[in-house]
Every structure is written in C-alpha cells, then in structure tokens.
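K.L.:
Submitted below is the structure of interest, expressed as structure tokens.
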Amino acid sequence: MPVAKHATMLLICAATLVACGKPEPGAPATAALTAAQIQAALANAPPVVPVAVAAVPPEHQNGKRVFDKTCGLCHGAGVGGAPRPGDKANWAPRIAQGMDTLYRHATDGFSGATGYMPARGGAAVPDADVKAGVDYMVSLSR
Ligand code: HEC
C-alpha cells in the first residue's frame, strides 16, 4: 500500500539520520527513535494523492472500490505517467476525447504520450467496474 510504503521509507530515513547524524558535542549518541519522532515523521508524510475526497457520493462508491483495489496502484501516485485523479490539466484533454474513448482505452489498453495503460489495469476487472473506475477518476478531475 503506497501510504504505508511511504511512511516506512520516511521512518528509515529518519532512523538513518538519527543513527548517522553527528551527535552534539557532549550529547549521548542516540540510535533509537522516540515515539514523538516517529509520530512527527508520520504526521509530516505528504499525502500520496493530494485530493480531498471527503465524501464519495453513492454513484461513485463502486468506482472508488475499483480504484482503491486496482487503478490506484498507478493512478494514485502517477506511476509510469498515469494521470492522477484531480490533476485537471492532465485530464482535460483526455476527457475531451469523450467518455466512450476513455472507457475503450481503459478496457482495451492504451499507449499514449506519457506511458502505457494496461488493459483493465492489468487485472481481471469486469467491464462495468472498469467504467466505474473511469467515472470515479473523471468525477474528481473535471
Ligand atoms: C500499471 C499502471 C496502471 C494501472 C494499474 C491503471 N492504469 Fe490507467 N493509465 C496508466 C497510464 C500510464 C496512463 C497514461 C497513458 C498515456 O496517456 O500515455 C493511463 C491512462 C488511463 C486513462 C486515460 C486514457 C486516455 O485516453 O487518456 C484512463 C481512463 C485510465 N487509465 C483508466 C484506468 C482504470 C479505470 C484503471 C483501473 C481499472 C487503470 N487505469 C489502471 C497506467 C495504469
């Protein structure tokens, strides 16, 4: 899960800093992180998707489920050039192609200017769920 991975990396960075940083003269070298340091590192972790999805409307609940399970692997953090939901400038020309084209590209796969979109996100996602995933991302990106 991207958030957990990110937090883990932060913790590793923080631990490395504490372990390898030069201690103040006279201060005892500390190798362990305090609970407060760990909490601060977690609190400062930037969100993977900087979009506030406060409440997901009922018609996009299924799309969010599909997104969380499959599409978000790439689209959540923009992996491999995948457009992130909420990145309106990136989505505008895609949306302008029309929903049918977006559904087709998501279902059949699509090689574009920024990367490669695998058919159905590379998983056995049924047609209706692929469409729901597209609808969900588009709803956040208009
Ligand atoms: C393995 C990574 C990956 C996964 C998983 C993935 N995508 Fe994509 N997707 C991409 C990339 C990369 C692009 C951008 C391709 C380009 O424009 O060059 C893209 C583009 C798209 C587009 C825009 C197509 C267009 O015409 O501009 C849609 C819609 C889309 N994905 C839907 C989905 C849906 C729905 C899912 C989940 C079922 C999903 N994607 C899962 C990588 C992924």
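K.L.:
Can you pull out every residue in region 129-140 that is more than 10 Å from the ligand (Cβ to nearest atom) and either among the β-branched types (Val, Ile, Thr) or not in a helix (DSSP H, G or I) (or both)?
P.N.:
140
So that you can scan it fast, the table gives a plain yes or no per residue for (1) surrounded by 14 or more Cβ atoms within 10 Å (Cβ to Cβ); (2) hydroxyl-bearing (Ser, Thr, Tyr); (3) farther than 18 Å from residue 65 by Cα; (4) without any contact (Cβ under 8 Å) to a residue 12 or more places away in the chain:
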| residue | (1), (2), (3), (4) |
| --- | --- |
| 86 | yes, no, no, no |
| 89 | no, no, yes, yes |
| 93 | no, no, yes, yes |
| 96 | no, no, yes, yes |
| 99 | no, no, yes, no |
| 105 | yes, no, yes, no |
| 121 | yes, no, no, no |
| 134 | yes, no, no, no |
| 137 | yes, no, no, no |
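K.L.:
Check off (1) over 24 Å from residue 56 (Cβ atoms); (2) in contact (Cβ under 8 Å) with a residue 24 or more places away in the chain for residue 111 and give me the number that stays unchecked.
P.N.:
Among (1) over 24 Å from residue 56 (Cβ atoms); (2) in contact (Cβ under 8 Å) with a residue 24 or more places away in the chain, the lone unmet condition for residue 111 is (2).
K.L.:
Let me ask something else. Mind listing just one residue for me: the one in region 73-128 that is basic (Lys, Arg) and within 17 Å of the chain's Cα centre (by Cα) and, of those, farthest from the ligand (Cβ to nearest atom)? So that I can check it myself, show each step before the final result.
P.N.:
Within region 73-128, the subset basic (Lys, Arg) is 84, 88, 94, 104, 120.
Right, trim to within 17 Å of the chain's Cα centre (by Cα) and you get 84, 88.
Working: 84: 10, 88: 14 Å.
Selected residue: 88.
K.L.:
Residues 19, 31, 45, 27: which one is assigned to a helix (DSSP H, G or I), at pLDDT below 95, away from the ligand (no atom under 16 Å from the Cβ) and more than 22 Å from residue 125 (Cβ to Cβ)?
P.N.:
Matching residue, one of 19, 31, 45, 27: 19.
The values are calculated or read from the model by the stated rules, or taken from the named source; none is laboratory data. What you see is a predicted model; the values in this text were computed from it and never measured. Positions of Cβ are backbone-derived with ideal geometry, glycine not excepted, and every protein chain shown enters the neighbour counts.
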